[in-house]
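Inspection log for the structure reproduced underneath, given as structure tokens.
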Amino acid sequence: EVQLVESGGGLVQAGGSLRLSCAASGFTFYDYAIGWFRQAPGKEREGVSCISSSDGSTYYADSVKGRFTISSDNAKNTVYLQMNSLKPEDTAVYYCAAPCGPYVHTIVVVTRGYWGQGTQVTVSS
């Protein structure tokens, strides 16, 4: 069974920080790159970041570069998203998904990929 479970969301003031976790089971990071996506009400889903443990590659959306950092703990099969200098526009439901990768100027999930349930991040102004 393939499963992705997010945690770490919550309410934070602008300028604050949160760390999201994505615990994976049923596959290993060596097999699939795992990434973070977000969706706010009335907006399209946006690819935020992706990490490939097999080659160490990381990818970030321009909107979060310099503020967010993706990392992985292979022993725990867990991917993290450290979010610093949060802005109200970062408010969204954040999902982890796999496999992910860069495509043109976006981060995408392969068709028929796996998705978690999501965790709410709310940044107050």
| said: Consider region 13-50. How many of its residues are part of a strand (DSSP E or B), open to solvent by 20 Å² or more (accessible area, probe 1.4 Å) and of a type outside the set (Lys, Arg)? | reply: 7
| note | Within region 12-26, the residues that are more than 17 Å from the chain's Cα centre (by Cα) and not small (Gly, Ala, Ser) are Val12, Gln13
| field | Some residue of region 98-116 being in a loop (DSSP other than H, G, I, E, B), of a type in the set (Val, Ile, Thr), surrounded by fewer than 22 Cβ atoms within 10 Å (Cβ to Cβ) and in contact (Cβ under 8 Å) with a residue 40 or more places away in the chain | value | no
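Look through region 57-87, keep the residues that are among the small types (Gly, Ala, Ser) and on the phi > 0 side of the Ramachandran plot, and return whichever of them is surrounded by the most Cβ atoms within 10 Å (Cβ to Cβ). Give the steps one after another, and end with the answer.
We begin by selecting, within region 57-87, every residue among the small types (Gly, Ala, Ser); these are 57, 61, 63, 66, 71-72, 75, 85.
Remaining after also requiring on the phi > 0 side of the Ramachandran plot: 66, 85.
Working: Gly66: 9, Ser85: 13.
Only one residue fits best here, namely Ser85.
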| remark: Going through (1) in contact with a Phe, Trp or Tyr (Cβ under 7 Å, 6 or more places away or on another chain); (2) modelled with pLDDT under 95; (3) open to solvent by less than 60 Å² (accessible area, probe 1.4 Å) one by one, Ser54 fails only at (3)
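The values are calculated or read from the model by the stated rules, or taken from the named source; none is laboratory data. Predicted model only: the values in this text are computed from it and were never measured. Cβ coordinates were reconstructed from backbone atoms using ideal geometry, including for glycine residues, and neighbour counts include every protein chain displayed. With ligands, DNA and RNA removed, areas are computed over all heavy atoms of the protein, side chains included. Shrake-Rupley method; radii C 1.70, N 1.55, O 1.52, S 1.80 Å.
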